[in-house]
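Undergrad: Right, I'll just put the structure down here and ask away after.
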Amino acid sequence: MLPTLREGDRVLVRYGARPGPGRLVLARLADGTTAVKRVEGPRPLRTGATGWWLLSDNPAEGVDSRHRGPVPDDAVLGVVLLRLWPRPRRV
């Protein structure tokens, strides 16, 4: 599968929006970096709280929940609404 976004794309993010399966989200990963990932769905964390299973559109590149496990709910910063640049379009 080809990635939805490419390096250098500018996106519009709705911070605090509730993620859902199939949506792109901006998330803070365990190592402190922020990345755009696709939501597979909710998953339980080791603590018993609910987190999110996040995947890369291009599984050969990057790190996602297959490597690090589910991401806590508070680490999902917002939902990506659309790509603003180079050409606006919904993602």
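The values are calculated or read from the model by the stated rules, or taken from the named source; none is laboratory data. None of the values given here were measured: they were computed from a predicted structure. Note that each Cβ is placed from the backbone with ideal geometry, even for glycine, and that neighbours are counted across all protein chains shown.
Undergrad: Go through region 20-31 and count every residue that is within 15 Å of residue 74 (Cα to Cα) and outside any loop (DSSP other than H, G, I, E, B).
TA: 4
Undergrad: Would region 59-71 turn up any residue that is on the phi > 0 side of the Ramachandran plot, touching a Lys or Arg at 6+ places or on another chain (Cβ under 9 Å), outside any strand (DSSP E or B) and among the small types (Gly, Ala, Ser)? Break it down stepwise before answering.
TA: So the first thing to find is which residues in region 59-71 are on the phi > 0 side of the Ramachandran plot, and the list is 62, 69.
Right, trim to touching a Lys or Arg at 6+ places or on another chain (Cβ under 9 Å) and you get 62, 69.
Right, trim to outside any strand (DSSP E or B) and you get 62, 69.
So of that shortlist, the ones also among the small types (Gly, Ala, Ser) come out as 62, 69.
So far as region 59-71 goes, yes, one or more of its residues are on the phi > 0 side of the Ramachandran plot, touching a Lys or Arg at 6+ places or on another chain (Cβ under 9 Å), outside any strand (DSSP E or B) and among the small types (Gly, Ala, Ser).
Undergrad: Residue check: is residue 35 over 9 Å from the mean Cα position of the chain (by Cα) and among the aliphatic types (A, V, I, L, M)? Walk me through it before giving the result.
TA: Working: over 9 Å from the mean Cα position of the chain (by Cα): no; among the aliphatic types (A, V, I, L, M): yes.
Against the criterion (over 9 Å from the mean Cα position of the chain (by Cα) and among the aliphatic types (A, V, I, L, M)), residue 35 does not qualify.
Undergrad: Right, another one. For region 2-19, how many residues meet the condition of being among the hydrophobic types (A, V, I, L, M, F, W, C), under 13 Å from the mean Cα position of the chain (by Cα) and not in a loop (DSSP other than H, G, I, E, B)? Before the answer, list the steps.
TA: First, pick out the residues of region 2-19 that are among the hydrophobic types (A, V, I, L, M, F, W, C): 2, 5, 11-13, 17.
Restricting the remaining residues to those that are under 13 Å from the mean Cα position of the chain (by Cα) gives 5, 11, 13, 17.
Pick out the ones that are also not in a loop (DSSP other than H, G, I, E, B) and you get 11, 13.
Residues that pass the stated criteria total 2.
Undergrad: Could you pull out the residue among 77, 84 that is at pLDDT 95 or above and out of contact with any His (no Cβ under 9 Å at 6 or more places or on another chain)?
TA: On the way: 84 fails: at pLDDT 95 or above.
The conditions single out 77.
Undergrad: Any residue that is at pLDDT below 95, in a loop (DSSP other than H, G, I, E, B) and surrounded by 14 or more Cβ atoms within 10 Å (Cβ to Cβ) - is there at least one of those in region 32-55?
TA: Among the residues of region 32-55, not one is at pLDDT below 95, in a loop (DSSP other than H, G, I, E, B) and surrounded by 14 or more Cβ atoms within 10 Å (Cβ to Cβ), which makes the answer no.
Undergrad: Sticking with this structure for a sec: With the condition kept exactly as written, say whether any residue in region 4-16 is touching a residue at least 24 places away in the same chain (Cβ under 8 Å) and over 21 Å from residue 84 (Cβ atoms).
TA: No, the conditions are met nowhere in region 4-16.
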